[in-house]
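Report on the structure given below.
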Amino acid sequence: MLAKYEHLKQAYARVRDERQDPFNVHFEKISSPTQGIVNGRPVLLLGTNNYLGLTFDASCVAKATEALRLEGTGTTGSRTANGTYSGHKMLEQKIADFFGRAAAMLFTTGYQANLGMLTALAGREDHLLLDADSHASIYDGARLSEASVTRFRHNDPDDLFRRLRILADLPGDKLIVVEGIYSMLGDIAPLKEIAAVKRETGAYLLVDEAHSLGVLGEHGRGLAEQAGVENDVDFIVGTFSKSLGSIGGFCVSDMPDFDVLRLASRAYMFTASLPPSVTASVTQALEVLVAKPGLRSDLERNAARLYDGLAKAGFLLGPTVSPIVSIRFDSPEIAVVFWNKLLALGIYANLALPPATPGRQSLLRSSVSAAHTSAEIEFAIKTITTVGIELGVVQHAREAFLPAAQ
Amino acid sequence: MADDERVISRIIDVIRTLEGMTPDVLAKVTPQTNIVRDLNLDSIAVMDFILELEVKFNTVISLDIVAGIETIGDLARVLEPQSAQVTQ
């Protein structure tokens, strides 16, 4: 039965160190948003998408604890079958208000939000136009929909326009799907130009702000806010599992009759809803996001420091400064050795290997948090640079750019 | 040159730009060439290859059609001028 995965098994065996499996790291303890214990030793968490560091926020923990005590551990079913809790209603109102939208729908994970929205929005006659570097949840949602699906070149509004022009005379709605920040290289969609294409062609636009909610925009509303095109975005999808420190997904929209999707979206209807402790902590995390804009400046400063430090050391990085800082390698073998050495030296980052990466590159992916201290960022730059020199990834030590040892 | 030969010649121009293609592989491309096995492309590389062909031929091929393409001949059939523009 599982023989068809033999190639996967062999590829997996090649990346597993005898001591450590990059895709199944066991944290014996998580001590803070930036520190954990692996193999009995402290590690700096540099690959957890905990952008605002809210997983240990005292007010979020208190609200979650209170909800847990008052309403129990779970809802034990979907909202369609088991009903809606006050926490669901409150969070939907909160997230809709945050984005200035008429309506919101919650999903149990970010993955399900894309799955649930794309399958419900795009019907048999319709056309989905996906950025080629879209997340797996977008591809899976597109595949499950009955729509015709086409990929356009990553971040290329001209290719998108060309395709929409070819499809113009066909019946059905056209829905463009892009992400705010792309998760592998941290690059950002040219949303202003994409919105212009959308306006010119009469298509609809869905933006997945999973990695940009709380990160981009003056108020943290993501790339659409930063690019000044919120009015052009028909659907914003996102997750509570990154900047808001919990789990769950959502979609907000001004579309009339949006609520009908509660009866059409199978990923909404046929899965258990978010438990009260989660809706409570996320509702509170949104309060914190609004009340503490300083978290975004801390995040921006840390991201720029890590990106600049690694760029000056000579690493080949993604094209944009963002909280996702990825080092690009020529070969997966070097990336695997690099990742293992870093973990042994006390840094946990993400290893991303082809084919799941743009351009089949091998990546050491870091994600920065507002909660990282300056000392932690300096430690990361110094340690990554030291390993880079040792493995010949960067050619020589450029002491001027190396921060002092901790 | 017949239309189908012209299409295959333009497909080969795109194959030439793919990473890791050798003159030896290029010389053996025929309508029977299996894209995954003979060109040694993984599933995502196939999708990227077809995306580039869509740009070159100024057409759109939906992913469900892509899923049914196995050989260069299959590809040529959906890219031929009479079927190009939109293959749904």
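For this structure, a couple of remarks:
- Single condition A:Thr84 does not satisfy, out of (1) in contact (Cβ under 8 Å) with a residue 24 or more places away in the chain; (2) outside any helix (DSSP H, G or I); (3) crowded, with 19+ Cβ neighbours inside 10 Å: (3)
- Listed by first and then second residue, the pairs with beta-carbon distance under 8 Å, at least 6 apart or on different chains, first residue in segment A:59-81 and on the phi > 0 side of the Ramachandran plot, second loosely packed, with under 14 Cβ neighbours inside 10 Å, are A:Thr76/A:Asn82.
- The residue list A:Val197, A:Val229 contains one member that is crowded, with 21+ Cβ neighbours inside 10 Å and farther than 17 Å from A:Ser134 by Cα, which is A:Val197.
- Residue within segment A:73-95 that is over 22 Å from the mean Cα position of the chain (by Cα) and of a type in the set (Asp, Glu) present: no
- Where A:Tyr307 falls short, out of the listed (1) closer than 30 Å to A:Arg14 by Cα; (2) within 19 Å of the chain's Cα centre (by Cα); (3) in contact (Cβ under 8 Å) with a residue 40 or more places away in the chain: (3)
- Verdict on A:Glu287 being surrounded by fewer than 20 Cβ atoms within 10 Å (Cβ to Cβ), of a type outside the set (S, T, N, Q) and modelled with pLDDT under 95: no
Matching residues to (1) under 19 Å from A:Val337 (Cα atoms); (2) in a helix (DSSP H, G or I); (3) in contact (Cβ under 8 Å) with a residue 24 or more places away in the chain; (4) in contact with a Phe, Trp or Tyr (Cβ under 7 Å, 6 or more places away or on another chain):
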{"site": "A:Tyr12", "(1), (2), (3), (4)": "yes, yes, no, no"}
{"site": "A:Asp21", "(1), (2), (3), (4)": "yes, no, no, no"}
{"site": "A:Gly36", "(1), (2), (3), (4)": "no, no, yes, yes"}
{"site": "A:Asn49", "(1), (2), (3), (4)": "no, no, yes, no"}
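- Those helices (runs of 4 or more DSSP H) lying entirely in segment B:13-62 with at least 1 residues over 21 Å from A:Pro355 (Cβ atoms) and away from chain A (no Cβ under 11 Å): B:23-27, B:43-56
- Some residue of segment A:362-374 being modelled with pLDDT under 85, more than 22 Å from A:Ala335 (Cβ to Cβ) and either aliphatic (A, V, I, L, M) or in contact with a Gly (Cβ under 6 Å, 6 or more places away or on another chain) (or both): no
- Failed item, numbered, when A:Ile138 is tested on (1) within 13 Å of chain B (Cβ to nearest Cβ); (2) of a type in the set (A, V, I, L, M, F, W, C); (3) part of a helix (DSSP H, G or I); (4) touching a Ser or Thr at 6+ places or on another chain (Cβ under 9 Å): (4)
- Pick from segment B:34-70, criterion surrounded by 15 or more Cβ atoms within 10 Å (Cβ to Cβ) and in contact with a Ser or Thr (Cβ under 6 Å, 6 or more places away or on another chain), ranking: farthest from A:Ala132 (Cα to Cα): B:Ile65
- Segment B:63-78 - residue that is touching a strand residue (DSSP E or B) at 6+ places or on another chain (Cβ under 8 Å) and not in a loop (DSSP other than H, G, I, E, B) and, of those, farthest from the other protein chains (Cβ to nearest Cβ): B:Thr71
The values are calculated or read from the model by the stated rules, or taken from the named source; none is laboratory data. Small disclaimer: the values here were computed from a predicted structure and weren't measured. Note that we place each Cβ from the backbone using ideal geometry, even for glycine, and neighbour counts take in every protein chain shown.
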